Amino acid sequence: MKPIIELSKIARKYKIGTEEIHALSSISLEINKNEYVALMGPSGSGKSTLMNILGCLDTPSSGDYILNGTSVAKMHDNSLAEVRNKEIGFVFQSFNLLPRSTALDNVMLPLIYAGFTKADRLARAKEVLEQVGLGSRMTHKPNELSGGQRQRVAIARALVNKPAIILADEPTGNLDSKTSIEIMGLFEDIHKKGNTIILVTHEEDIAQHAHRIVRLKDGLVERDYQNDTIITMSSHII
């Protein structure tokens, strides 16, 4: 079985004035379908740059990136946007919800770009909000929801297009510990349903939910290993 993600000698450098910053030096990594991987590393390790490349939000300076059989390393913005919308669901620390829109409208948004009819958008958005335990909160706006509920809306939005990969960037960073555990239980359920999950975190206890941990340092993979002490916390919602 071919990996869903193949990175080969990925490097990313930026120019800041006359200085050249090497955010990633030479990253080679394979991630298989339905893996649950945590990307870890201190500030400046390159994990955010790597996440942006994995999520097709940025392109590498050199190297190749094969995503689900398609080479995306040298794609232009429009093609990347199409790949992103079809293949990847994003969950961010700050939720990134539209403040004046209801939970339902926020979740429907990716389906507009994907060209679904209004009836299909409504049915699919309702279905995923039910899955994440927010069936009774569909008409609420973000300021009427708790932090945990907002993150559930964001997770529903990430799932709505049925992407192969869920990319979660510090998804519990703005949540208290009890809510963080609930959200990690939700990711566990999503993983059990067949999604590939890539979790970017600097918190050791959050990384322990993943089945594989990739540690970055100075733009390189320092360690890549299977997690022997997986924390399981199924939420039994999905």
| query | Asn143 fails exactly one of the following numbered conditions: (1) loosely packed, with under 15 Cβ neighbours inside 10 Å; (2) at pLDDT 95 or above; (3) under 30 Å from Lys2 (Cα atoms). What is the number of that condition? | reply | (3)
| message | Looking only at the stretch 165-191, how many residues end up being among the small types (Gly, Ala, Ser) and crowded, with 21+ Cβ neighbours inside 10 Å? | response | 2
| When you look at Ser45, is it farther than 22 Å from Ala164 by Cα, modelled with pLDDT under 95 and not in a strand (DSSP E or B), yes or no? | yes
| request: Could you pull out the residue among Pro99, Pro42 that is within 22 Å of Leu159 (Cα to Cα), exposed (fewer than 14 other Cβ atoms within 10 Å of the Cβ) and not hydrophobic (A, V, I, L, M, F, W, C)? | output: Pro99
| query | Met138 passes all but one of (1) closer than 27 Å to Thr70 by Cβ; (2) of a type in the set (A, V, I, L, M); (3) outside any helix (DSSP H, G or I); which number fails? | reply | (1)
| Which condition does Val83 not pass, out of (1) of a type in the set (Val, Ile, Thr); (2) farther than 25 Å from Leu199 by Cβ; (3) out of contact with any helix residue (DSSP H, G or I) (no Cβ under 9 Å at 6 or more places or on another chain), if it passes all the others? | (2)
| query | Here are some residues: Thr196, Thr201. Which one is modelled with pLDDT of 95 or more, in contact with a strand residue (DSSP E or B) (Cβ under 7 Å, 6 or more places away or on another chain) and among the polar types (S, T, N, Q)? | reply | Thr196
| request: Could you tell me whether any residue of the stretch 87-94 is assigned to a helix (DSSP H, G or I) and out of contact with any His (no Cβ under 9 Å at 6 or more places or on another chain)? | output: yes
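The values are calculated or read from the model by the stated rules, or taken from the named source; none is laboratory data. Note that this is a predicted model, so its numbers are computed, not measured. As a convention, Cβ positions derive from the backbone with ideal geometry for all residues, glycine included, and neighbour counts pool all protein chains shown.
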